[in-house]
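S.K.: Can you keep this structure in mind? I'll have questions shortly.
Computed from the coordinates by the stated procedures, all read-outs in this text should not be read as laboratory data. Just so it is clear, the structure is predicted and the values come from calculations on it, not from any experiment. Glycine gets a Cβ as well: all are built from the backbone with ideal geometry, and neighbour counts include every protein chain shown.
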Amino acid sequence: MVRREVVGAHYGLTGWLAQRVSAIVMIAYTLLLLLALARMPQIDYGHWKALWSVPMMRYCTALFLLALYLHAWVGLRDIFMDYIKDAGLRLTLYVFTVVALLWYAIWSVQILWGL
């Protein structure tokens with residue numbers, strides 16, 4: 001009898017599911033934004049500012065950005081795991097990626113809510 005021991009991080013299904021769910025959220029938001037833009041009488045500063053003053057639009061945008069950052073993290077993590085064999089370099093790239101994505105998330109909140 002062959003005894004199999006599975007080793008590793010086991011990110012396969014979780015990462016796959018995170019990519020698909022985040023992609024669906026991003027597609028839904030894109031359609032919502034296109035619909036909102038199509039319903040505007042004209043796209044100028046006043047209408048654009050009014051669109052972003054609606055709290056639901058800000059929340060939907062925040063959800064979109066969260067999905068985008070998650071999507072980017074899973075994709076880059078998979079690329080690093082597949083192609084970067086040196087563990088030290090891979091860890092360094094992980095740290096830089098996480099720090100950059102966290103910085104983008106903080107910056108996004110500042111932009112959306114004017115903090």
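S.K.: For each of Leu35, Leu63, count neighbouring Cβ atoms within 10 Å of the residue's Cβ, then give the residues from fewest to most.
M.R.: Placing the least packed residue first, the sequence is Leu35, Leu63.
S.K.: Then there is this: Excluding Leu91 itself, calculate the net charge of residues whose Cβ lies under 14 Å from the Cβ of Leu91, where each Lys or Arg counts +1 and each Asp or Glu counts -1.
M.R.: Net charge in that neighbourhood comes out at +2.
S.K.: By how many nm would the segment from Val21 to Tyr94 lengthen if fully extended, with 0.36 nm per residue of separation less the alpha-carbon distance?
M.R.: 24.1 nm
S.K.: Moving on to the next point. Could you work out the pair-distance distribution P(r) of the chain from its alpha-carbon pairs, with 5 angstrom bin width and percents rounded to whole numbers?
M.R.: 2, 10, 15, 16, 16, 12, 9, 7, 5, 3, 2, 1, 1, 0, 0
S.K.: Could you line up Tyr29, Tyr45 from fewest to most neighbouring Cβ atoms inside 10 Å?
M.R.: By the 10 Å Cβ count, ascending: Tyr45, Tyr29.
S.K.: Could you put His47, His71 in order, starting from the residue whose Cβ has the fewest other Cβ atoms within 10 Å?
M.R.: By the 10 Å Cβ count, ascending, the order reads His47, His71.
S.K.: Given a Förster distance of 25 Å, report the FRET efficiency between Met81 and Leu112 from their Cβ-Cβ distance, rounded to the nearest 0.05.
M.R.: After rounding to 0.05, the efficiency reads 0.20.
S.K.: Name the helices (complete DSSP H segments) of the chain with a Cα length along the long axis of 18 Å or more and a Kyte-Doolittle mean of at least 0.5, or state none.
M.R.: 12-39, 55-83, 87-113
S.K.: Relative contact order for segment 12-113: what is it in percent, counting Cα pairs under 8 Å that are at least 6 residues apart?
M.R.: The normalised contact order for segment 12-113 reaches 35 percent.
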